[in-house]
1. I'd like to check which helices (runs of 4 or more DSSP H) are fully inside segment A:111-211 and have at least 1 residues that are under 29 Å from residue A:42 (Cβ atoms) and in contact (Cβ under 8 Å) with a residue 24 or more places away in the chain.
2. Which of the residues belonging to segment A:65-110 are in contact with an Asp or Glu (Cβ under 6 Å, 6 or more places away or on another chain) and not in a helix (DSSP H, G or I)?
3. Among the residues that make up segment A:348-368, is at least one of them within 21 Å of the chain's Cα centre (by Cα), within 8 Å of chain B (Cβ to nearest Cβ) and outside any strand (DSSP E or B)?
4. Condition (residue is among the β-branched types (Val, Ile, Thr), crowded, with 21+ Cβ neighbours inside 10 Å and under 18 Å from residue A:378 (Cα atoms)) applied to segment A:140-151: is it met by at least one residue?
5. I'd like the full set of residues that are at positive phi, more than 14 Å from chain B (Cβ to nearest Cβ) and buried (at least 20 other Cβ atoms within 10 Å of the Cβ), limited to segment A:162-209.
6. For residues in segment A:325-339 being crowded, with 23+ Cβ neighbours inside 10 Å and not in a loop (DSSP other than H, G, I, E, B), which is nearest to the other protein chains (Cβ to nearest Cβ)?
7. Counting only residues that are outside any loop (DSSP other than H, G, I, E, B), hydrophobic (A, V, I, L, M, F, W, C) and more than 10 Å from every other protein chain (Cβ to nearest Cβ), how many does segment B:32-54 have?
8. Against the condition over 24 Å from the mean Cα position of the chain (by Cα) and at pLDDT below 95, how does residue A:113 come out, does it pass?
Amino acid sequence: MKLFRQFLIATWIAAFAMMAPSPALAAGDGVSSLYVEEGDSPLLYEGQMPPGAAEAGTPVQNHLAQQMSAALDRYLTEWSNLPEVNLPAGSTLRPGASGSRVEALRMRLGLAAGTGFDQDMAERVRLFRQMHGLSDGTSIDRGMMAALNRGHAHYAQILARNLAHAEELPGFLGHRYVMVDLATQQLQMVENDQVVDTMRVVAGKPETPTPIMAGLLRHAVFNPYWNVPPDLTQATYARRIINGGNAYLSRTGFQVVDQFGPDASVIPTGDVDWRAAARGETQVFLRQRPGAGNGMGDMKFMFPNALGIYLHDTPSTHLFAENTRLFSAGCVRLERPEDLGLWLYNGMMPEVGSAPEQIVPLQFPVPIYIGYFTAMPEGDRIAFREDVYSRDVGLPELAL
Amino acid sequence: MRHLTLLVAASAATLALAAPAQAQALSGEELRGQTVDITFADGTRNSVFFGSTGMATVSNNTGQSANANWFVQGDQLCMRAGSANECWNYSNRFAAGQAVRLTSTCDQNAVWTPRNVNAPRQMVAPQAGERG
């Protein structure tokens, strides 16, 4: 069993190494999908607990990986040794049905030979559905037939991939931490391994996916500027400014500065050769003034990183009503930024005035993990989620 | 044990007393994930591991240990365990191996010697912007 799992993980890592990450977001050693700022890595992996804590009983594997590992073991035990015959399509079968299709399905599910859909078969169907991301029930519908015909290796591979991803995270995730799952576009606030609050987020579009990251939330910025990454200015905003001129700049509140940060000086927009900027021949630092319509909203939560990925408020709140929320250029937009702020500041939001870009440090850094979990144990169930970034596609077939 | 308890109770208070000599605010960044040896006036020795995300572990040479939260507040480095709070004056960045005599809000004196410290880090990465 263990060898099998190691093979799955090695296969996944090899497969990922062949994927070319977006150059702007390329990170790490080319094998791991996880981006961690160099300075944060020792703080997250070794710095949270005293040396020797592992020997003193702190698990080496984080609780998420433990759950994934148990789920994979359970999955393989239940479903990996059954006859994987291809089953013909047909109408939905329910308890009480009988016939040759039921006979074939009983064999496929590892039940005693027979032709009737009895209570044993109903329970087996219920378990299968629970462990393959299907809705609760005892009927064999089209979705369950598709899952049966995909075979166990398909699901085991996804679970193993998710386990490997969880194992990349620190063995101790933190007493308090933030977990963003890109597959579900949800954010969780976690204390002592218990989820204390959940909110929807908007993550990166498939063409500008939010990277998988770990970092340390260190401060928030209230009444923030939005500092537009120069490559976004080139790709998107320079053309809009060429077309919209001063009216566009005035309406949107964009201004050009000589650099980002507290020492920035504003440059007259007329001094910029926008066509050269659109061609990438000159780099422009564009920022949007605080206020209504600012892309960062009223606050942004910073875990300093070279990728320019942060959590922030947004004026585009209508997008949180969507079932799939992949609309950003890579950042994570928050449904309820005030609630995250309250939690990060231990129940008391800082009092800030109207001045722009007010930086308020957290009392202590809070780990943040941005993951992509297409499978997740949920009690007795295993939820298999939509592979919205197509990262589970193209994995090599497993030799079973 | 007395000093262990005392240290935990006092540590949130004592680290606050050092008047900052620099304009740049200290955040305790240099101590995150590092251990500091602390020797009290009566010769008692403790070591404190300053966890990177705010948990401190105080231990003595008999193997006893206790946990506290640690944080920087103004010019004080504080430790809190339950309702006990002690802050120490914190006016300058700590340096590896460099002993510093500090006083706590509980009127304790101790010499702090970090075994190692983290290199200074920039608070923000301004030129990357935010991808939005």
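1. Values: elements: A:119-130, A:142-150, A:152-168.
Answer list for segment A:111-211: A:152-168.
2. First, the residues of segment A:65-110 that are in contact with an Asp or Glu (Cβ under 6 Å, 6 or more places away or on another chain): A:65, A:92.
Within segment A:65-110, A:92 is the sole residue that qualifies.
3. No, the conditions are met nowhere in segment A:348-368.
4. Step one: of segment A:140-151, the residues among the β-branched types (Val, Ile, Thr) are A:140.
Subset that is crowded, with 21+ Cβ neighbours inside 10 Å: A:140.
Keeping just the survivors that are under 18 Å from residue A:378 (Cα atoms) gives none.
No: zero hits.
5. A:185, the sole residue that qualifies.
6. Top of the filtered list is A:328.
7. Looking only at that region, the number is 3.
8. no
The values are calculated or read from the model by the stated rules, or taken from the named source; none is laboratory data. Since the model is a prediction, treat every value here as computed from it, not as a measurement. No Cβ is skipped: glycine too gets one built from the backbone with ideal geometry, and neighbour counts run over all protein chains shown.
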